[in-house]
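Undergrad: Below: one structure in structure tokens.
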Amino acid sequence: MRFERTLGMRYVRAQKRHSVLTVCSIMIAVALITMICTVYTTYQGITRAAIYNEAPYHMLFEHITAEQAAEIGRLDEVESVETEPNENGTVKAMVLFCQYLDNEYIWAYNLQQKMDLDCLIKPYDPQTFDLIVNTKLLEADNLCLHGRAKLVQNLAILLVCLLFFVMALRMVIDTAFEISSKEREKQFGILQSLGAEPRQIVRILSTEGLILSVFGIPLGLLLGVLLSYLTYRLVLTTGIAQAFYSAGDIDKVISFHINPLLLGLSAAVGLVWVFFSAYGTGMRIIKKPPLEAITARAETVDKVSRFNPLAAFFGWKGKLASRNAKRNPKRFFVTVVSLTVSLTMFAALSSYMGIFKQSLLQSMQMDETTEEIIPYFTFALNDGGVLNEDNPPRFPELIKQMRDTGYFSRIENSNNQFVTITCADQSQHENVHLTYVNEDSYHSLLGDQQPFSYEELVKRGGGLLVNISEDEIPADAKTICFEEEYLSQISEAEYESKESDKESKIGFLTHNGETLYYERTPQDYEFPVCGRCMLDNSEDELNSEVSMIVMPEERWIGGDCYLFSNLQRDSYIAAFLKDETVYEPALQWLKAHSTDYLFDSENDAENPYRVYIKMQSTVSAINIGFTAMMIMIGLIAIVNMVNIISTGILNRKRELAAMQCVGMTRGQMYGMTVIECLQFTLWAAVAASVLTLLLLFLTTHLLNIVDLSEMKSKLFSWTEPLIKIWGGGIIAFLFAILASFLPLHQMQKEPLVEQIRNVE
Amino acid sequence: MEFLTIEHLRKTYGKGETEVRAINDLSFSVPKGQMCAIIGPSGSGKSTLLHILGGVDRPTSGKIWVDGEDVYAKNQKDLAVFRRRKVGLIYQFYNLIPVLNAEENITLPTVMDGRQPDKERLEQMLDLLGLKKRRDHLPSQMSGGQQQRVSIGRALFTSPAVILGDEPTGNLDSKNTAEILALLRESNKKFEQTMVIITHDDDVAAQCDRIITLSDGKLIKDEMTGL
Ligand SMILES: Nc1ncnc2c1ncn2[C@@H]1O[C@H](COP(=O)(O)OP(=O)(O)O)[C@@H](O)[C@H]1O
Ligand SMILES: [Mg+2]
């Protein structure tokens, strides 16, 4: 063992560049795993704290005696009991456990048997039941069976998430070990030829791995914790804590958590991977006969193809570059694959993120492009039962009052009546909306496609035909005529007397708990036509398809409201809030006038601004986390690339020197290297493009199968990931050039003879 | 008593048009204690033969027997043990371990075998090789001749039954050559070692017991010098 240790240590020290890069690889791999673990722990910790903050006990006995509380406190599984006196002399006991309970209800039942607590056997009744079991906290502390099951489930999810990264990271560490220089292989070949046994070779490599891990793993843990802490601080700047918790609770709930067990796990994963890589490399080396390693004839080209696209573009430099790639196909392959994986991860993940964010925003009443929130209240305005001259429409006055509050930027009011018109060719046209709109409604309905202003509509007396073609109503028509039924209110007695008559058209409806009976009588109507327009609005499909006759509100008030019925009529009002500061007062105002208002219960649930802030901060937090992850992925790609490329250059040290000896200029040498870098970044970018598009295509397909029909049309943009990939490719290309120029530059400092000398 | 036997040995590199028959149906044997020179033009397969004898390469076909054992029938571990106990290989290009100094390079096979190197023998060896002053030097701090002597020391240190040398004096001047040759001869006599030495130097060949001439991977001449 001694000589293996000596050799391992000497190799680590002798091959500084290789050692540093391997330490970096180990460090980044461990850091990434640590980061994921820390994010998980912190999330769990905050969730637990939030639960505890709401109810700081596992079980709460509302009415027991102080003696009973003390007795409970003496049980082994109980960590602490805090009591609070009740008015009737009993105490309220908050119990925290420190041991696994299996089933908390059975535990409570047993306790009741033992201590004669009659409170526990009463049938459940929220008024009298005295035992509160805080299942959430028990679960969070893994003290009940369900909690354990949840823990296993959570760990499984964590592991699945990790698995992907762990595999990617395995590749990083592996590359660091595997892409060791030819020189190293030669060393192990010589050792073997001197009689070193396979396991001795593996031991030397393991020693190396161990030494490098001693530096890499603690640094990785440190970097991982540091980066997650940074990410955590950054996430907090989005105000996510304030969005979800009140100021007083933030201190108690929000904190950074580190789980030593998971840190240990990260370190263990790193260590295991290092040993696997060391072992794998050792096994690969000893498979070859030692002579092959010593003479290192491996990096030669067997076949040379006539046609060479690189040569066509870049002449002899291109030819050399492409042949260099072929002499170590494995290294070329690994370089391309690792870059491809990074680029694909980057593009595909950001596309998925985009969709996720979009669906989050969509679930809000939020403008996707400006990400601005425009909440509004929709409600039906009961215009006071039977409308007639004694009971004129009241909404104009109410809307005026609403406007006077100054809370609303826009109040849209519209009244609809379905009518059936007869077309020019005598066929009937169903579903024409006769719509009475106010000015705000007119704007929101027609937008910038209105043929004339609302004032003009009022002046002309109404009758704007929207989406009604000339086939239906000729261009020169001044009026439209149609037959509709008039609903007139009748008394209950009248209704009952006519019920047996099959000819009579009677019916009833309920409104505000009151039953209104009516009778239909056909009646002819004539409406003016003052203009027409076809809406061409692909965004709002609803408006572009519905045929409408648009009338000004003034006509409704002026008498049209009595045309079709004298039953109650509802006006539909959408009131858009001015800004977030008026949310509460506006709501209060509307509630205060609620004798006339029917609130849309959905929008009454929660202040949309708060929801919006929660969403916004969640989205930004996700963005930050995502960016942190992208940075790590980028780091992995860079470390890998620098490792592979610089090794490739240094392996050819003598050869490059030889070329310079026969007259290659430095510029030409750098040029050749640039082409080599271009070669594999091109391959990687093409591969990543194909892979990403394939991934996105499959995802789209999958989403279509599970049917998210609304999202279907605007799922993924196909150009965006491509731009990202090629942008990332260019950055990778620049790093590749840097990675090859640095060792080249270093080499240039030695005289050519030195470079060409057998390097030992 | 034959100590080292080669039977219908073949070694080919490449396939099809580019196939090279480095060794082409070669058979001969060397008795224990014989010092045998191998000569022949460049590319005639000398180094290939030596490497196969040393257990560091693999024959395409044919068998090698050393001390009654079929070398390439061994498993990896036994082959490694064979290499460090039975054979001392002196490479044309030294192949020293760059991270170990002269002394450590010489004792490496012993250490790898899990034994303590004999201090006295080490001093003696360093003295004989004229490396006393260089014992702490790394290969990169030594000249070609010095490195060559270290590699010879490494081969001789364990006193293996077989010494294989690929132009061990190729990088040495005539005075040094004579010294090294004397050292090899002495070791050969003292430990009754079987030696196969590749050389271009007629003087060196003339001092061996037997000269085998290879050409195109075949044995074309096999003569005893009568020493
Ligand atoms: N690893 C190898 N791959 C291909 N050909 C080889 C290899 N090693 C040796 N050769 C060929 O085998 C022949 C014999 O080589 P070698 O034994 O080194 O000759 P010598 O040592 O007699 O000069 C030569 O033609 C050489 O080109
Ligand atoms: Mg040779």
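Undergrad: Return the residues of segment A:11-53 that are touching a helix residue (DSSP H, G or I) at 6+ places or on another chain (Cβ under 9 Å), within 14 Å of chain B (Cβ to nearest Cβ) and open to solvent by 40 Å² or more (accessible area, probe 1.4 Å); say none if nothing qualifies.
TA: Those that are touching a helix residue (DSSP H, G or I) at 6+ places or on another chain (Cβ under 9 Å), within 14 Å of chain B (Cβ to nearest Cβ) and open to solvent by 40 Å² or more (accessible area, probe 1.4 Å): A:R13, A:Q15.
Undergrad: Tally the residues that are within 22 Å of the chain's Cα centre (by Cα), open to solvent by less than 70 Å² (accessible area, probe 1.4 Å) and not aliphatic (A, V, I, L, M), restricting the search to segment A:209-232. Let's see the steps before the verdict.
TA: In the first step, residues of segment A:209-232 are kept if they are within 22 Å of the chain's Cα centre (by Cα); the result is A:227-232.
Those left that are additionally open to solvent by less than 70 Å² (accessible area, probe 1.4 Å): A:227-228, A:231-232.
Okay, now just the ones that are also not aliphatic (A, V, I, L, M), so A:228, A:231-232.
The qualifying residues number 3.
Undergrad: When you look at B:P139, is it in contact with a helix residue (DSSP H, G or I) (Cβ under 8 Å, 6 or more places away or on another chain), open to solvent by less than 10 Å² (accessible area, probe 1.4 Å) and either under 30 Å from B:D78 (Cβ atoms) or at pLDDT 90 or above (or both), yes or no?
TA: Numbers: in contact with a helix residue (DSSP H, G or I) (Cβ under 8 Å, 6 or more places away or on another chain): yes; open to solvent by less than 10 Å² (accessible area, probe 1.4 Å): yes; either under 30 Å from B:D78 (Cβ atoms) or at pLDDT 90 or above (or both): yes.
Taking the combined requirement at face value, the residue satisfies it.
Undergrad: Follow-up. Select, from A:F626, A:F564, the only residue that is over 31 Å from the mean Cα position of the chain (by Cα) and either at pLDDT 80 or above or buried (at least 18 other Cβ atoms within 10 Å of the Cβ) (or both).
TA: A:F564
Undergrad: Would you tally the residues in segment B:36-52 being within 12 Å of B:I212 (Cβ to Cβ) and either away from ligand 1 (no atom under 12 Å from the Cβ) or of a type outside the set (A, V, I, L, M, F, W, C) (or both)? So that I can check it myself, show each step before the final result.
TA: Taking segment B:36-52 as the starting set, the residues that turn out to be within 12 Å of B:I212 (Cβ to Cβ) are B:36-40, B:44-46, B:49-50.
From what's left, either away from ligand 1 (no atom under 12 Å from the Cβ) or of a type outside the set (A, V, I, L, M, F, W, C) (or both): B:36-37, B:40, B:44-46.
Final tally of qualifying residues: 6.
Undergrad: Just the residues that are part of a strand (DSSP E or B) and open to solvent by 50 Å² or more (accessible area, probe 1.4 Å), please, taken from segment A:414-434.
TA: A:N416, A:F418, A:T422, A:Q428, A:E430, A:N431
Undergrad: Considering only segment A:233-241, I want to know if a residue exists there that is open to solvent by less than 70 Å² (accessible area, probe 1.4 Å), at positive phi and of a type outside the set (A, V, I, L, M).
TA: Yes.
Undergrad: Scan segment A:261-285 for residues that are under 17 Å from A:M35 (Cα atoms) and free of Cβ contacts under 8 Å to residues at least 24 places away in the same chain and jot them down.
TA: Within segment A:261-285, A:L261, A:G264, A:A268 qualify.
Undergrad: Hey, can you tell me all the residues within segment B:137-156 that are touching a residue at least 40 places away in the same chain (Cβ under 8 Å) and basic (K, R)?
TA: Answer for segment B:137-156, where residues must be touching a residue at least 40 places away in the same chain (Cβ under 8 Å) and basic (K, R): just B:R154.
Undergrad: Does segment B:149-164 contain at least one residue that is within 16 Å of ligand 1 (Cβ to nearest atom) and crowded, with 23+ Cβ neighbours inside 10 Å?
TA: yes
Undergrad: Oh, and also: Filtering segment B:108-120 down to residues that are within 22 Å of A:L191 (Cβ to Cβ) and either of a type in the set (G, A, S) or open to solvent by 50 Å² or more (accessible area, probe 1.4 Å) (or both), which residue is farthest from the other protein chains (Cβ to nearest Cβ)?
TA: By that ranking, first place goes to B:D118.
Undergrad: If I ask for residues that are crowded, with 19+ Cβ neighbours inside 10 Å and among the small types (G, A, S), which ones from segment A:460-490 would you list?
TA: Those that are crowded, with 19+ Cβ neighbours inside 10 Å and among the small types (G, A, S): A:G462, A:G463.
Undergrad: Still on this structure, I have one more. Is there a residue being more than 16 Å from ligand 2 (Cβ to nearest atom), touching a residue at least 60 places away in the same chain (Cβ under 8 Å) and touching a Pro at 6+ places or on another chain (Cβ under 6 Å) anywhere in segment B:157-177?
TA: yes
Undergrad: Scanning segment A:188-208 for residues that are open to solvent by less than 10 Å² (accessible area, probe 1.4 Å) and within 50 Å of the chain's Cα centre (by Cα), which turns out farthest from the other protein chains (Cβ to nearest Cβ)?
TA: A:L205
Undergrad: Sticking with this one: Which residue pairs have Cβ atoms under 6 Å apart, sit 6 or more places apart or on different chains, and have a first residue in segment B:36-55 that is of a type in the set (K, R) and a second that is within 11 Å of ligand 2 (Cβ to nearest atom) and not in a loop (DSSP other than H, G, I, E, B)?
TA: B:K46/B:I38; B:K46/B:I198; B:K46/B:L214
Undergrad: Tell me the helices (runs of 4 or more DSSP H) entirely within segment A:1-90 that contain at least 1 residues that are over 46 Å from the mean Cα position of the chain (by Cα).
TA: Those helices (runs of 4 or more DSSP H) span A:2-14, A:66-73.
Undergrad: Within segment B:1-35, how many residues turn out to be more than 16 Å from ligand 1 (Cβ to nearest atom) and over 23 Å from B:L184 (Cβ atoms)?
TA: Selection size over segment B:1-35: 3.
The values are calculated or read from the model by the stated rules, or taken from the named source; none is laboratory data. Quick caveat: nothing in here was measured; it's all calculated off a predicted structure. Positions of Cβ are generated from backbone atoms using ideal geometry, with glycine treated the same way; all protein chains shown enter the neighbour counts. These accessible areas exclude ligands, DNA and RNA; they are computed on the full protein's heavy atoms, side chains included. Shrake-Rupley method; radii C 1.70, N 1.55, O 1.52, S 1.80 Å.
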